[in-house]
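Peer 1: Mind looking over this structure? Questions follow.
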Amino acid sequence: MSLHIYIDADACPVRDETYKVAQRHNVPVTVVANSYIRTPREPGISFQMVTDGFDAADDWIAERADADAIVITSDILLAERCLKAGARVLGSNGKEMDNATIGSQIAVRAIMADLRDGADQPNIGGPPPFSHRDRSRFLEALHLMVERMKRSKT
């Protein structure tokens, strides 16, 4: 099997950056979502629409994730599933998720969900706005991840 990039496309701000890196390295990309998302009509870029069922896009990606896959997602639970399958996972902010840190990320996610659900708590908010720095960090991190994986295959 060869290297493949899967994008969990719902609310993914770095699709265009992923296409650029993938085309530079000649790596196929599959964009997965439960509603139509326009993708470039370029060789190696495909779109997979899934049902609107709960976690349908996550399930589709997780079923295909393996040691030759890079998964682009901000979904920590999807990241955990893909890591268990041997895939590499990169957040849209350019931070790699790995087996050493995913447990603590899941715990923080659960704590934040509990705090948001608390009736007497002020609005805690979500992540900070996506910045130009995040976009640059993502481009560099994806490029380096692809390079490392390509080298390990030779």
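What follows is calculated from the coordinates using simple rules that are stated; it is not laboratory data. All figures in this text were calculated on a predicted structure; none of them were measured in a lab. Methodologically, a virtual Cβ is constructed for each residue, glycine included, from the backbone with ideal geometry; neighbour enumeration extends over all protein chains shown.
Peer 1: Go through region 79-91 residue by residue and turn each phi into a ³J(HN,Hα) via Karplus (6.51, -1.76, 1.60, θ = phi - 60°); whole Hz please, and just put x for glycine and proline.
Peer 2: Karplus-based 3J(HN,Hα) across region 79-91 equals 4, 4, 4, 5, 4, 4, 7, x, 6, 8, 10, 10, x Hz.
Peer 1: With label points built 7 Å along Cα→Cβ from the Cα atoms of Glu63 and Glu42, find their separation and express it in nm.
Peer 2: Each label point lies 7 Å from its Cα, and together they span 2.8 nm.
Peer 1: Tell me, Thr51, Thr18 in order of fewest to most beta-carbon neighbours within 10 Å?
Peer 2: Values: Thr51 10, Thr18 25.
If I rank by nearby Cβ atoms, fewest first, I get Thr51, Thr18.
Peer 1: While we're looking at this one, here's another question. Arranged by the count of other C-beta atoms within 10 angstrom, fewest first, what order do Phe47, Phe138, Phe130 take?
Peer 2: Values: Phe47 16, Phe138 23, Phe130 13.
Placing the least packed residue first, the sequence is Phe130, Phe47, Phe138.
Peer 1: Right, something else. Distance in nm between label sites at Arg133 and Lys153, each 7 Å beyond Cα in the beta-carbon direction?
Peer 2: For Arg133 paired with Lys153, the spin-label model returns 3.4 nm.
Peer 1: How do Val31, Val50, Val89 rank when sorted from fewest to most other Cβ atoms within 10 Å of their own Cβ?
Peer 2: Details: Val31 24, Val50 16, Val89 27.
Arranged by neighbour count, lowest to highest, Val31, Val50, Val89 become Val50, Val31, Val89.
Peer 1: Which far-off residues, 5 or more places away or on another chain, put their amide H under 5 Å from the one on Tyr6, with H placed in the peptide plane?
Peer 2: Under 5 Å from the amide H of Tyr6 lie the amide H atoms of Thr30, Ile70, Val71, Ile72, each far enough along the sequence or on another chain.
Peer 1: So, in Å, what gap is there between the alpha-carbon centers of region 1-27 and region 40-92?
Peer 2: Rounded to whole Å, the Cα centres lie 11 Å apart.
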